[in-house]
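The values are calculated or read from the model by the stated rules, or taken from the named source; none is laboratory data. On a predicted model such as this, the values are computed, not experimentally measured, just so you know. No Cβ is skipped: glycine too gets one built from the backbone with ideal geometry, and neighbour counts run over all protein chains shown.
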Amino acid sequence: MEAPEASAPWTLGVLLGGMSRRMGRPKHALPFGSGTLLQHVIANLGAQSDAVLLSVGRSVAPDLSLTAVCDRHPGQGPLAGIESLLEAMSTPWLLAIPCDMPWMDGSEVRPLLDARRAGLDALYFRRGGRPEPMPLLIHRRALPSLKDSLDAQCNKVMAVLEALTTLPVEHHSHQPRDVFQNLNTPEDYRRALDDFVT
């Protein structure tokens, strides 16, 4: 008997394919807590998942004992990474998250996982009426649509979601931090380190 959709297996897919131009160095390797930023993100979410995969650009080679897959369309943003992860994973669902979202943890993504139901292609958060494309929970059945979009040089996540059967989930956080924050600049990183210590 097939498991109910809300309890179906899922893969954590961490996106590392960005160029980190504003940060000036690879974000996944930044020291954070007792390890790196990438290790922190995996520690936040990996234990709840059934598998962990990394999506990397061709110039990124993290020294970790994890499976990394190269983007078929390097330089085309998160959508290219999601495509490579959907192709490589062995579970029905993928939770895609950038490597620079340190405050998104298991309790924060649980509403997405619990809202899964038959027929949905993807789920994403909505905050104050605005969609938040990351993290994104997406079913492997959406892969053909992603391929078509990337082949047509459309790499906008929200544009692709408009063609899928999706469910926006209103986000409510009990954290004082902005859990959707990306660490894009050295100043973002310094503030996050200060917040992590305090």
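Hey, among 137, 95, 85, 146, which residue is surrounded by 23 or more Cβ atoms within 10 Å (Cβ to Cβ), within 12 Å of the chain's Cα centre (by Cα) and part of a helix (DSSP H, G or I)?
Every option except 85 fails the conditions.
Which members of the range 175-196 meet the condition of being of a type in the set (Asp, Glu) and part of a helix (DSSP H, G or I)?
Answer for the range 175-196, where residues must be of a type in the set (Asp, Glu) and part of a helix (DSSP H, G or I): 187, 188, 194, 195.
Residues being in contact with a Gly (Cβ under 9 Å, 6 or more places away or on another chain), assigned to a helix (DSSP H, G or I) and over 23 Å from residue 109 (Cβ atoms): count how many of those fall in the range 149-172.
0
One residue is enough: does the range 104-119 have a residue meeting the conditions closer than 26 Å to residue 151 by Cβ, touching a residue at least 24 places away in the same chain (Cβ under 8 Å), surrounded by fewer than 22 Cβ atoms within 10 Å (Cβ to Cβ) and more than 12 Å from the chain's Cα centre (by Cα)?
The answer is yes; a qualifying residue exists.
Name the residues in the range 12-29 that are touching a Ser or Thr at 6+ places or on another chain (Cβ under 9 Å) and surrounded by 22 or more Cβ atoms within 10 Å (Cβ to Cβ), would you?
12, 13, 14, 15, 16, 17, 27, 28
Looking at (1) of a type outside the set (Asp, Glu); (2) in a loop (DSSP other than H, G, I, E, B); (3) surrounded by fewer than 16 Cβ atoms within 10 Å (Cβ to Cβ); (4) modelled with pLDDT under 95, can you tell me which one residue 90 breaks?
(4)
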